[in-house]
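The values are calculated or read from the model by the stated rules, or taken from the named source; none is laboratory data. Given the structure is predicted, the values throughout are model-derived calculations rather than measurements. Every residue, glycine among them, receives a Cβ derived from its backbone with ideal geometry; neighbour counts consider all protein chains shown. With ligands, DNA and RNA removed, areas are computed over all heavy atoms of the protein, side chains included. Shrake-Rupley method; radii C 1.70, N 1.55, O 1.52, S 1.80 Å.
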Amino acid sequence: AQSVTQLGSHVSVSEGALVLLRCNYSSSVPPYLFWYVQYPNQGLQLLLKYTTGATLVKGINGFEAEFKKSETSFHLTKPSAHMSDAAEYFCAVAPRNTGFQKLVFGTGTRLLVSP
Amino acid sequence: ETGVTQTPRHLVMGMTNKKSLKCEQHLGHNAMYWYKQSAKKPLELMFVYSLEERVENNSVPSRFSPECPNSSHLFLHLHTLQPEDSALYLCASSQETGEGGTEAFFGQGTRLTVV
């Protein structure tokens, strides 16, 4: 069974600082990997995803993530935080051998950005 | 309207009430999902419909009853709920190709409170 671990339920950064949100997965076969963002009172929005090819994936709002198979990780980064980045971020995996989007989510990391 | 729309946005119901949550997708997708989001827990996949047929039911109590009358609409019928069922219920849709890795689009959710 696949699982996702997000280290740190809360991460605090100052505006302009580097954002690093950690995600590790457990799977016998490298899965598809996703990062979603959820703003208050909103649904989830896809930031980026990795399916195949280049391991460094660029997403919306200046975020990027790197798939590292040897570390079973898919950490999310942004060089410079903005106040509008304050939200909850979810890492998710989906199996490759199924036709359905059976996302397995992590517990989420709330990003706090201070002025 | 575009994307995935859920109504109502907020719902308060007593334990003996019957209510329904509605989801509509305007994306032409062939799969729809219900997720439950509770505080401090990972998102839980409840039901999956593909081509209007239920293909997954993740051990959800029978007090939750889904209905998918067509590929654009999904309902979640609720009856005799418990206070622990209070949560954010998210609907999502995706276009499944049989190979996985497709993006799921989420609605804004219905915040359900059972009193």
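State all residues of the stretch B:12-40 that are closer than 19 Å to B:V60 by Cα, part of a strand (DSSP E or B) and not aliphatic (A, V, I, L, M); if no residue qualifies, say none.
B:K18, B:K19, B:S20, B:K22, B:C23, B:Y33, B:W34, B:Y35, B:K36, B:Q37
Limited to the stretch A:57-102, what total is found for residues that are within 11 Å of chain B (Cβ to nearest Cβ), touching a residue at least 24 places away in the same chain (Cβ under 8 Å) and either among the basic types (K, R) or open to solvent by 10 Å² or more (accessible area, probe 1.4 Å) (or both)?
Residues flagged as within 11 Å of chain B (Cβ to nearest Cβ), touching a residue at least 24 places away in the same chain (Cβ under 8 Å) and either among the basic types (K, R) or open to solvent by 10 Å² or more (accessible area, probe 1.4 Å) (or both) within the stretch A:57-102 amount to 4.
Across the stretch B:70-105, what is the total count of residues that are assigned to a strand (DSSP E or B) and more than 18 Å from B:A39 (Cα to Cα)?
12
Going through the stretch A:1-33 one residue at a time, which ones are more than 13 Å from chain B (Cβ to nearest Cβ) and part of a loop (DSSP other than H, G, I, E, B)?
Selection gives A:L7, A:G8, A:E15, A:G16, A:A17, A:L18, A:R22, A:S28.
Quick check: is even one residue across the stretch A:41-49 over 29 Å from B:V4 (Cβ atoms), surrounded by 14 or more Cβ atoms within 10 Å (Cβ to Cβ) and not acidic (D, E)?
Looking for residues that are over 29 Å from B:V4 (Cβ atoms), surrounded by 14 or more Cβ atoms within 10 Å (Cβ to Cβ) and not acidic (D, E), one finds none in the stretch A:41-49, hence no.
When you look at A:Y36, is it in contact with a Ser or Thr (Cβ under 7 Å, 6 or more places away or on another chain) and either assigned to a strand (DSSP E or B) or free of Cβ contacts under 8 Å to residues at least 24 places away in the same chain (or both), yes or no?
no
Which numbered condition trips up A:V113, out of (1) within 13 Å of the chain's Cα centre (by Cα); (2) more than 25 Å from B:R9 (Cα to Cα)?
It is condition (1) that A:V113 fails.
Is the stretch B:93-114 home to any residue that is of a type in the set (S, T, Y), without any contact (Cβ under 8 Å) to a residue 40 or more places away in the chain, out of contact with any Asp or Glu (no Cβ under 8 Å at 6 or more places or on another chain) and over 25 Å from A:P31 (Cβ atoms)?
Taking every residue of the stretch B:93-114 in turn, none turns out to be of a type in the set (S, T, Y), without any contact (Cβ under 8 Å) to a residue 40 or more places away in the chain, out of contact with any Asp or Glu (no Cβ under 8 Å at 6 or more places or on another chain) and over 25 Å from A:P31 (Cβ atoms).
Evaluate the following for A:S27: is it more than 16 Å from the chain's Cα centre (by Cα), in contact (Cβ under 8 Å) with a residue 12 or more places away in the chain and open to solvent by less than 40 Å² (accessible area, probe 1.4 Å)?
Details: more than 16 Å from the chain's Cα centre (by Cα): yes; in contact (Cβ under 8 Å) with a residue 12 or more places away in the chain: yes; open to solvent by less than 40 Å² (accessible area, probe 1.4 Å): yes.
Yes.
Any chance you could count how many residues in the stretch B:27-41 are open to solvent by less than 80 Å² (accessible area, probe 1.4 Å) and either over 14 Å from the mean Cα position of the chain (by Cα) or of a type in the set (K, R) (or both)?
5
For the subset of the stretch B:47-69 comprising residues that are surrounded by 17 or more Cβ atoms within 10 Å (Cβ to Cβ) and farther than 17 Å from B:K18 by Cβ, which member is modelled with the highest pLDDT?
B:C68
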